[in-house]
Amino acid sequence: MAGTLVLGGGGWAAADRWFGDSDENRAGPARAGGAEADRAARVFLDHWAAGRWADAAALTDDPQTAETTLRSFTVGLEITAPTFTPGPAKAATDGEVAVPFGAAMPVGGLGTWNYASTLALTKGGGPGGWLVKWQPSLVHPKLGAAAKFRLTKGTAGGSTVKVLDRDGGVLSPADHPSLTPIFGATGGAGGSAGGAVQLINRQTGAVESTEAEFGAPKPAAGGGPVATTIDPRLQRAADTAVARHAKGRLVGLVALSIDKGEVLALANAPTTGMNRAFMGRYAPGSTMKVITTAALLDKGAVTPSDLVDCPKYLTVGKQFHNVETSEIRGATFREDFMHSCNTAFVNLRGKLGNDELGRFASEHFGIGREWKTGIASFDGKVPLPVDETDKSAAMFGQGTVQANPLVMASATATAVSGKFRQPVVIKGQRPTAEARGLSAPVVADLRKLMRATVTDGSAKVLADLPGDVGAKTGTAEVTEDGPNNGWLVAYRGNVAIACLVEAGITGSGSAGPIVHDILSTLP
């Protein structure tokens, strides 16, 4: 059972500097409650995510109860590859430290259950002298002596529901293994058609509430087929490109039609397990600069020709650093964007209010607005920064900012069209999220900047493709010692695409070849 620990702003054991996009973005030490308490919390969550329940329990003040509870909760609900997103530690009462965290729990092959909880830490014998104070509510706030959880699932088997591509052709798991999230959610190929996580009263056995429901729109009456927006040709290209270039790494990819927001292709490596393309929670790295740049341009806070210095180092609570590009003295903002200079974006943090980037991402790009795509999805998060250091990190897609390929493909489509169209993958699914989109001048500037990134910047891996092709690379840190995730977002014609490669080191080197192969198939 492999899980993921996504470090937020205030990473517990990371270096005290941030590195550039084509380089390595690193989180700094915890700013509240002590770095050691923060570290103990994150080690606990890391063990839980990886299915090492005994190791996680050993970091608590009640190991036996903790191991039993963690095991029964995770196994009983068929949770695989959980993802935890810790927030910054905060001092609590009686010398304790509280660490809030978000949990993304892939349940029973149906979808992901998202919720928030908090760890309390107290002085003890764990890492750095801190232990997790065991209580069932840290697993989920509603778990305890009075209530437990139960997973219910639809009946598999019986007649197989046909799943159709956008042209009416039949899609099959054998031909398109990456579409497992669609087959599983709709009951296609005999898969389960849905399910739920229910809160159960321990004494009476009664259902007190339904905490999560899974499943796409049901097939038509009489067992009719489920129609999707998938383009079979582009899906084959995505499957082939990911299989060719994944090289054993974890990959998520989404391609959208810019004019309608329809999902044309989605791919994951491996093809079973977590749907990283739709459900992942990752720091988007410098692909976030597309959104940050839109906010700055919209406000008139910068123009592409403005001089925005790109120093090698810049300290805001900790040191931010550009390694490969080193420094670009006297740089224009256009050059900063093309070469993905982090310190230039940190320099511009004062141009946006503390809540402005998150508000702009929501109001103009629809991020975090509870999308209804037809299958389960996580729709991004740009939280209010906790301080100037966190705000600086958010400017280039680190800290507590979270996204996935679905979110960033949508952001790319919005950036180059000016219209937010909530993504959908099941035909007939009514979009629930709306946003204002962008003005024509902002779109014109974004397209030029992304085009320049291909012709003269960090996305030259796409430079040989004909036509108007634009892109933005990204690299994001996950842990201090592990390799970085590689990102690339791009557009060509009516297609916007986003690709994430875990442990990909750089966006251009890992995601670039995948995106290149797919876009090269477009007419």
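The values are calculated or read from the model by the stated rules, or taken from the named source; none is laboratory data. Because the structure is predicted, anything quoted here is derived from the model rather than measured. Cβ placement follows ideal geometry from the backbone for every residue including glycine, while neighbour counts extend to all protein chains displayed. These accessible areas exclude ligands, DNA and RNA; they are computed on the full protein's heavy atoms, side chains included. Shrake-Rupley method; radii C 1.70, N 1.55, O 1.52, S 1.80 Å.
By the scheme Lys and Arg +1, Asp and Glu -1, what is the net charge of all other residues having a beta-carbon under 15 Å from that of Gln135?
Summing Lys/Arg as +1 and Asp/Glu as -1 gives -2.
If a/c stays under 1.5 just call it rounded; otherwise compare a/b with b/c (prolate if a/b is bigger, oblate if not). Do that for the chain, with a ≥ b ≥ c from the square roots of the Cα gyration tensor eigenvalues.
Oblate.
What number, rounded to the nearest 500 deg cm²/dmol, is the helix-based mean residue ellipticity at 222 nm of the chain, given -39500 (n - 2.57) per DSSP H run of at least four residues and division by all its residues?
Calculated at 222 nm, the ellipticity per residue is -7500 deg cm²/dmol.
Can you send over the solvent-accessible area of Tyr313, 1.4 Å probe, protein chains only, in Å² to the nearest 10?
Surface accessible to solvent at Tyr313 totals approximately 100 Å².
Using a 1.4 Å probe over the heavy atoms of the protein chains, calculate the carbon and sulfur portion of the accessible area of segment 229-320 as a whole percent.
51
Using only the Cα atoms of segment 258-415, build the gyration tensor, take square roots of its eigenvalues as a ≥ b ≥ c, and label the shape rounded, prolate or oblate: rounded if a/c is under 1.5, else prolate if a/b is larger than b/c, else oblate.
Verdict is prolate for segment 258-415.
Can you return the lysines within cross-link range of Lys123? Criterion is Cα-Cα under 24 Å, with same-chain partners fewer than 8 residues away left out.
By straight Cα distance, Lys123 reaches Lys90, Lys133.
So which trypsin sites (Lys or Arg not before Pro) in segment 446-523 end up in coil per DSSP with only 13 or fewer other C-beta atoms within 10 Å?
On the way: sites: Arg447, Lys448, Arg451, Lys460, Lys472, Arg492; in loops: none.
Passing both the DSSP loop test and the Cβ count: no residue.
Classify segment 68-184: rounded, prolate or oblate, from the alpha-carbon gyration tensor (a ≥ b ≥ c, eigenvalue square roots; a/c under 1.5 rounded; otherwise prolate if a/b is larger than b/c)?
Judged from the Cα gyration tensor, segment 68-184 comes out prolate (a/c at least 1.5, a/b above b/c).
Quick check: with the 1.4 Å probe, what order do Ser257, Ser417 take by accessible area, largest first?
Ser417, Ser257
Per residue, what accessible area does segment 396-493 have, given a 1.4 Å probe and all protein chains present, in Å²? Write out the running numbers ahead of the final one.
Details: 3150 Å² over 98 residues.
Result: 32 Å² per residue.
Computing the accessible area with a 1.4 Å probe over protein heavy atoms, can you report the carbon and sulfur percentage for segment 407-521? Each step should come with its number before you reach the end.
On the way: 1860 of 3690 Å².
Result for segment 407-521: 50 percent of the exposed heavy-atom area is carbon or sulfur.
Lysines within cross-link reach of Lys299: Cα-Cα under 25 Å, excluding same-chain residues under 8 positions apart?
Lys289, Lys351, Lys381, Lys391, Lys419, Lys448, Lys472
Under 15 Å Cα to Cα from Lys153, which aspartates and glutamates show up? Leave out anything in the same chain fewer than 8 places away.
Here the aspartates and glutamates satisfying the reach criterion relative to Lys153 are Glu78, Glu211, Glu213.
Just how many % of Cα pairs in segment 270-354 lie over 15 Å apart, if you round to the nearest whole percent?
For segment 270-354, the fraction of Cα-Cα distances above 15 Å is 62 percent.
Keeping the other protein chains in place, figure out the carbon and sulfur percent of the accessible area of segment 105-150, with a 1.4 Å probe.
Carbon plus sulfur share of accessible area: 55 percent.
State, to one decimal in nm, how far the label point of Ala243 lies from the label point of Arg329, with both points 7 Å from Cα in the Cβ direction.
Modelled inter-label distance: 5.3 nm.
To the nearest µm²/s, what D does Stokes-Einstein give for segment 259-299 at 10 °C and 1.306 mPa s, using the Kirkwood radius over alpha carbon pairs as Rh?
Result for D is 123 µm²/s.
I'd like the isolated cysteines in the chain, meaning no second cysteine's beta-carbon lies under 4.7 angstrom from theirs.
Cys499
Ranking request for peptides 232-243, 494-505: highest mean number of other beta-carbon atoms within 10 Å first, then the rest in descending order.
In descending order of packing, they fall as 494-505, 232-243.
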